[in-house]
Amino acid sequence: MKQTDEVDDLLTRAGARWRADQEAPPEPDLEYMLSGGRKHRRWVPALAAASVAVVAAGVLAVLPNPKTPTAEAPASPVASAPAGSTPNAGTPESFAQGNDNLLVKPGDKVQVNGKIVAVPGKTAVFCPPLAVPAIGYPPGKEPAPSCPDDFAVKLNGLDLDKVPGITTVKGVRVGAAAVTGIWRGGAIDVEEQSAEKPQSYPAQNELQCPVPPGGWTSKPSNISSTAVTKFLAAHAAQIDGPIFRYPNGTSRGAPVVILIGIAHGDATAFREAFEKVYQGNYCVVPVLLSRSDNERISNAIGDLMSKDKTLGIYGAGGSGIYGGGASVSLVAYTPEVKAAFTPLGLDLIRFWPQVRPVR
């Protein structure tokens, strides 16, 4: 072997060892790719998600989910939904009326449905579906079941022996049941109890792009370009999104459609201006809240959650892929909650209480 060959061999082996010692390359920055480097909007943590989505500073990439009900998309030559047909939103007045139907006052007959926790020496409580930290405890080292006082609803007179499938974990009895009784403000005087019942909630349909004649075709998109990013940011008070839609699935070469929600102003004028900076598939649909509306309401809800624990709020978020109002998950929609949220706009928020009135 020539001397130069030996040197080459040494260098090759040294290079191989060096590469083996290096850390793996970082994953692609999906957030930057989708958002064009925009900063995050502030969102209050929500406890539920209805579809697979990648959230990046107001950009939603929504993948097809056959288990999620979707609205039928009307055909349109310009891929623009009819004005005034905001999915899930109805009208602001209908939101306010719907919330009032959930209002509970002391003395009202109410029902809760779900987790029951009974600590020895204390009144059994109903506990909402709170987020649980994903902490891996060694077997036998898990903490005893509990429910934070801010969210616990005392169940006066509950017969624990009649709670189906109740178990004891580290001295604490845990089960699930449907309980009906009289609301006493943070407590229920139990009148009836039975097995847990499936929860029913109003259906929400994801925003959909109307299909143009001939269907969607694959086109390159400059949605992450600086010009488009700045344009959408400048129209934050008018629009929501963009939302990435995949009408034909996510296979290579399948079309990607950018959905823009219009909350305020002239949709036609917006389209004309948008097309001067944007290239690619897109559609415009009506929504209830703009980016600015969502940010204002979500930040205000976050402040309420931090300042007043007695309101019993355990989750909230913006309108997201549904185009309706902001959402708030809480223990009960009471006169105190209504008063606290009135300055935010009750006609722009949908409440999801665990304590429901029995009419």
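Each value in this text was obtained by applying a stated rule to the coordinates, not by laboratory testing. A quick note: this is a predicted structure, and the numbers were derived from the prediction, not measured. Positions of Cβ are generated from backbone atoms using ideal geometry, with glycine treated the same way; all protein chains shown enter the neighbour counts.
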task: Using Cα pairs closer than 8 Å and at least 6 residues apart in sequence, work out the relative contact order for the stretch 250-290, in percent.
output: 59 percent
- request: Can you run the Rg to Rh ratio on the stretch 109-195? Use alpha carbon positions and the Kirkwood inverse-distance Rh.
  value: 0.98
query: What residues of the stretch 111-147 lie in the reach of a label at A195, counting those whose backbone N is under 20 Å from a point 7 Å from the Cα along Cα→Cβ?
result: 112-117
message: Suppose the chain between K122 and K162 were pulled fully straight at 0.36 nm per residue; how much longer would it get relative to their current alpha carbon spacing?
response: 12.6 nm
statement: Here the relative contact order (percent) of the stretch 109-195, from C-alpha pairs under 8 Å and at least 6 apart, is 36 percent
query: Counting Lys and Arg as +1 and Asp and Glu as -1, each charge on the Cβ, what is the dipole of the stretch 132-188 about the Cα centre in debye, to the nearest 20?
result: 60 debye
- line: Between R184 and H264, Cβ-based FRET efficiency (R0 41 Å, step 0.05) works out to 0.40
- request: Just flag the trypsin sites (Lys or Arg not before Pro) in the stretch 172-265 sitting in loop per DSSP whose Cβ has no more than 11 other Cβ atoms within 10 Å.
  value: R252
message: If you restrict to DSSP beta bridges whose two residues both lie in the stretch 273-359, what percentage is antiparallel, to the nearest 5?
response: 40 percent
query: Extension gain Y246-K105, at 0.36 nm per residue separation less the Cα-Cα distance, in nm?
result: 46.2 nm
message: Given a Förster distance of 41 Å, report the FRET efficiency between D347 and D150 from their Cβ-Cβ distance, rounded to the nearest 0.05.
response: 0.90
message: 7 Å from Cα along Cα→Cβ at both E142 and A254: what's the point-to-point distance in nm?
response: 3.7 nm
- prompt: Sorted by average packing, counted as other Cβ atoms within 10 angstrom per residue and highest first, what order do 219-228, 205-214 take?
  reply: 205-214, 219-228
